[in-house]
Structure formats: structure tokens, C-alpha cells
Amino acid sequence: MASHLPISYDPSSSTSLHTQQLIFCSSDKVKDFEKAQLRIPSSFRRKAANLQTMASGKTPGLTQEANDFTSGENNTDDVFDDMKQRFLAFKKLNYMDNLEHFKKLADAQAPKFLVIACADSRVCPSAVLGFQPGEAFTVRNIANLVPSYESGPTETKAALQFSVNTLEVENILVVGHSRCGGIQALMSMEDEGDSRSFIRNWVIVGKKAKESTKAVASNLHFDHQCQHCEKTSINHSLERLLGYPWIEEKVRNGSLSLHGGYYDFVNCTFEKWTVDYEGSRGGKKEGSGIAVKNRSVW
Amino acid sequence: MAPAFGKCFTFCCAKTSPEGDEMATDAYEAAIKGLKDLLSKKADLGNVAAEKIKELTQELKELDSSNSDAVERIKSGFTHFKTQKYLKDSARFNDLAKGQSPKFLVFACSDSRVCPSHILNFQPGEAFVVRNIANMVPPFDQKRHSGVGAAVEYAVVHLKVENILVIGHSRCGGIKGLMSIEDDAAPTKSDFIENWVKIGASARNKIKEEHQGLDDEAKCTECEKEAVNVSLGNLLSYPFVRAEVVKNTLAIRGAHYNFVKGTFDLWELDFKTTPAYAFS
């Protein structure tokens, strides 16, 4: 059962009360926030007497803040309750019914898939492709991008290393989707844009897909260009995967397969294809340096 | 459910396979016998035979892992989703197709056992989800960590989520890796993993200092939770996050899902500034 939830304020207070540690949040202080929470009740008791005196002469500003604070607190309770109901539903309907299975999973996971999907709230691979606990090691980032081995931001690479070398997954599936905000940002990005934007610094990983889309589809409506780019970007990510030596080795000896997938939630279709490693080496290109096989649409 | 699906799959195939298996084995044994007979008469063909057998074994391996099983798995998953969810609630999915407005940004581990859609039953449209090793949020760094930064920026500034939730979990391989990094060790083959999980280094140091008496597994559990706190703190290093938190329009929470015990702990990060008192 969920343990007692630490609350860091006393809802009955008429003024909001915070310790110095919580106000000026350097990361050191924040890490001690649990300790600070325990200290608040005693410091509150000491200060309460003084504060009540101050509060009686309170300014409109303080009143407003207190009102805001109280309404914020109701939302907090709602969200806590909501989370609790969600978790208990999972526990009752899924976990308890499959206790044996979950006990085994608790000891070790042996997923057959590494899935790289977008963080978009509409495209969770567990929901759309029905992956159950234990089946898919999942990376989710903006626009389901895989940076190249030699350069680029590092977050996704650790997951690639762990899933391929330690868990030894048999399949990598890169799943793109329709109406992707990240791809849209990539396509509408100015070349000389605001380099202080995180989004820009990340989606630029997919720059090659944008260039190749502009080269073949610039006469199309922007939405269709984006859709073209969504699919091309998947293939470019697959190609970049082959640039990781330990991935290429496993693909070459047949113990790892790379797949692309495209989920169109406007029409509810799923298109999938598999990288043809031999064909890719033989020079049969798809405009992105890889050859594919076994394409199908569901 | 995976076990039920597994049973169905076995049942469907059961009718054809037993006799099929026997016939296949007979044919194989006959072929091997023929080969042995030949080689006993012409021993010098041994090397040629060995090469051919290696090639054949490789081909058969490829056929086997020609991922027809994997593809079938994905296909049946999607078909189930389409018929049981999408088509039964097409009005909602049509709305979602036009735009998303999730209330949550969730950071969860890539571990196959901890998908937030399962444990917290998030439906399509409810949660913008980032998954990486050990559910880490690195501090603000536009060069090295633009991936996480992009997701936070998009969720907070563009989608205007109301909650950020960082979920740690039991038996986390990433945290275990963090706890076992030796100080000043030479880079290993898992350099990507190590460099990534070092984001949680201060959590590891704290656990090593304050929980020396615990066994390794208990230390890891404490580190799993403390690393969540490090991530919560790191969230505040993003100015657009801080701005929303101070205005009370964004709440930040940490959580720990323990799938060994079947428990879920949830806590909140409190961060406020009061109006300044002017001393004059």
C-alpha cells in the first residue's frame, strides 16, 4: 500500500509558511527537502505565535497569496487521489491477477524489443502495440530520433548500449507517427534560428531527413511535407543505428533485426518495414542509405 | 495479457505441430544418415561438408530470427488496439488527432516493466512521456542534454502541462550501475551508460555516506528514491519550469514504483518564493 504521503505545509494555517531552505532553492537545499519537511512542524509551532500577530495586520497581498495557496492545495489533493486510484486499479486488475508473472519479472527482465518512440501523449507503444510489462524496453524522446554514434546529444545512447549489449534484445523498432510536433518544428525551423531553444538543438539531429524531404517534396503542402519527413526520419534513424559498431555487428550476424514503424492516428493505420541489411550493403538505396523489406500496412 | 496471449498462440499452433514435428525430425534424421554414409565412404569430403553445414546453420538461424514471430506480435497488438480501443471510441481519437493537451509530463525508466501507461493507466492523450535509463532529468545543458531539455521545453512551454512526475522503480539496472561505479575508475565498455547515470552521482554519494550499514539491495532502493530527488532538483534548473512552479501553475512530484512489493510511493516538491519584505 502507498505509504503516508509527506505534506510540507499545514492546511489550517491562515498564512503560507515556508522555511528558508525551500525558498532559495539551490540544488543542494532541494535535495534536503525531505529533511526540511520534517523540520517545518516544529519551526511552525515556534513561529506561529509571531505570525498570528503579523497576520492580523496583513496586507491585501498576503491575503491573495493565502487564497491562491489554499486553492492550489485542493488541486494537489485531487492529483494525489487520482494517482492513487490509478495505481490501485493497476494493482487490482493487472498485478494481483498475474502475481507469478510479476514475481518472475521482478527478478529479471528479458524483453525481446527495444522500442524508440515519440514522447507524444497519443503514441505510447504499450497502448498502441499492446506491449505488456516485460516485453519492450522503451525509449521515448521528441520525434523518436536516434543521434549518430559519433556526435550529438547523449541521452538515447545509454539506452541503446544497455538494451543491445546487456539485455540483448532481438529487435529494435523505431516508431514514428502522424502530426508529430517535433518533426513539424524541424520542418519549420529557420536555418539561422534561435540557438537557445532546446527543441531546436535536439530536432536538428533529424536535419538530414528535412533536407531530403525538401529535395523531393517541396512542391507539396506543408502537412504532406511533414508526413514525408516523419517517415524519412525513421529511416535515417535506422541508418544511424547501423553506425553503432555493436549494433551493426549483431545485425550482421543475424541476432538483431531493425524495424521501422509509422503510426497514423488520423486513419488508424500502422505501417511497418524491416531493414534489409544485405540489401543495404549491396547499394540498393531508399534515399536514406538503407534498403528495406517486408513492408506491410495494417 | 502476455501469459494469456502466449497460451492462445500455443493452442492455435498445437493442432498442427506435434505430427509435423515428428515428420520433420524423421526427415532430418534420414538426411543426416545419408550424409554420414557418404562421408564414411569418401572421408575427404569431410571439410566440404563441414563448410556447407555451417552455411546451412547460418541460413536456418536467419530464417528463425527472420522475426516473423516479432512482427506477428506487433501486428496482433496493433489489431487489438484498433478494434478494442480506437474504433470503439473514435470521437475521442478524432479529437486527439487534431491536437494533444496532456496534463502530465512523466519521466519514467526505459525498463520494460515500468511503463506508466500500465502502472498508472494513462490513456492516449493524458501524459507526455519521456523514457530513458534510470528516469534521469539532467541539469540544464543545451549542448549535451538537449534531448531531455527539448521534451521539458515542449511540454511546459508549448503543451502547458500542469504536472511533472518523475517515477523511479525497484531493481533499476541504471541505478545499480551508478552504485557500482568506482571512484576514479578508468572508462569501461559501458561508457555511454556510465556517463549518463553519473547525473545521479550526488544521490550515490549521499547513500554511501548515510546508509553504510545497509546491504547492497537496500542501498540501491534508497538510491533509486534519492536519484528521483536529484532529478526533481534538476528540473528547477530550467528557467521555464521555475517560472511556472513559482506561479503555482506547475506541480513537480517524485514517485517510486516497487514491483517486488506492489507498492507506489508519491511525494511532491515544494518550491515557493514569498513577496520580499523590504527593510528600509
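General observations
- Some residue of the range A:195-215 being closer than 15 Å to A:Y244 by Cβ and either more than 8 Å from every other protein chain (Cβ to nearest Cβ) or among the charged types (D, E, K, R) (or both): yes
- Test: residue in the range B:52-64 that is farther than 30 Å from B:A151 by Cβ, modelled with pLDDT under 60, loosely packed, with under 11 Cβ neighbours inside 10 Å and among the polar types (S, T, N, Q): no
- Only one of the numbered conditions (1) within 9 Å of chain A (Cβ to nearest Cβ); (2) surrounded by 13 or more Cβ atoms within 10 Å (Cβ to Cβ); (3) assigned to a loop (DSSP other than H, G, I, E, B) is not met by B:L232, and that is (3).
- Restricting the first member to the range B:182-198 and to residues that are under 14 Å from B:P138 (Cα atoms), and the second to residues that are part of a loop (DSSP other than H, G, I, E, B) and modelled with pLDDT under 70, the beta-carbon pairs closer than 9 Å and six or more apart or on different chains are B:E194/B:A185; B:E194/B:P187; B:E194/B:T188; B:N195/B:P187.
- Segments classed as helices (runs of 4 or more DSSP H), wholly inside the range A:121-198, with at least 3 members that are under 15 Å from the mean Cα position of the chain (by Cα): A:125-129, A:155-161
- A:S233 being in contact with a helix residue (DSSP H, G or I) (Cβ under 8 Å, 6 or more places away or on another chain) and more than 10 Å from chain B (Cβ to nearest Cβ): yes
- Single residue of the range B:237-264 satisfying the filter (of a type in the set (K, R) and closer than 25 Å to B:D111 by Cβ) that is modelled with the highest pLDDT: B:R253
- Residue, farthest from B:I199 (Cα to Cα), within the range B:105-153, restricted to residues that are acidic (D, E) and touching a residue at least 40 places away in the same chain (Cβ under 8 Å): B:E153
- Condition met for A:N219 (more than 14 Å from chain B (Cβ to nearest Cβ) and either touching a strand residue (DSSP E or B) at 6+ places or on another chain (Cβ under 9 Å) or assigned to a strand (DSSP E or B) (or both)): no
- Any chance B:V137 is aliphatic (A, V, I, L, M), more than 7 Å from every other protein chain (Cβ to nearest Cβ) and out of contact with any strand residue (DSSP E or B) (no Cβ under 8 Å at 6 or more places or on another chain): no
- A single member of A:V139, A:V146 is touching a strand residue (DSSP E or B) at 6+ places or on another chain (Cβ under 9 Å), closer than 22 Å to B:V152 by Cβ, among the β-branched types (V, I, T) and without any contact (Cβ under 8 Å) to a residue 60 or more places away in the chain, and it is A:V139.
- Of all residues in the range A:97-119, those satisfying the criterion of being in a loop (DSSP other than H, G, I, E, B), out of contact with any helix residue (DSSP H, G or I) (no Cβ under 7 Å at 6 or more places or on another chain) and facing chain B (nearest Cβ under 7 Å) are A:Q109, A:P111.
- Every residue from the range B:123-146 that is within 26 Å of B:K82 (Cβ to Cβ) and in a loop (DSSP other than H, G, I, E, B): B:Q123, B:P124, B:G125, B:E126
- Qualifying residue in the range B:179-193 (condition: modelled with pLDDT of 90 or more and buried (at least 24 other Cβ atoms within 10 Å of the Cβ)): no
The values are calculated or read from the model by the stated rules, or taken from the named source; none is laboratory data. As the structure is a prediction and not an experimental result, all values here were calculated from the model. Please note: Cβ atoms are built from the backbone with ideal geometry, for glycine as well, and neighbour counts cover all protein chains shown.
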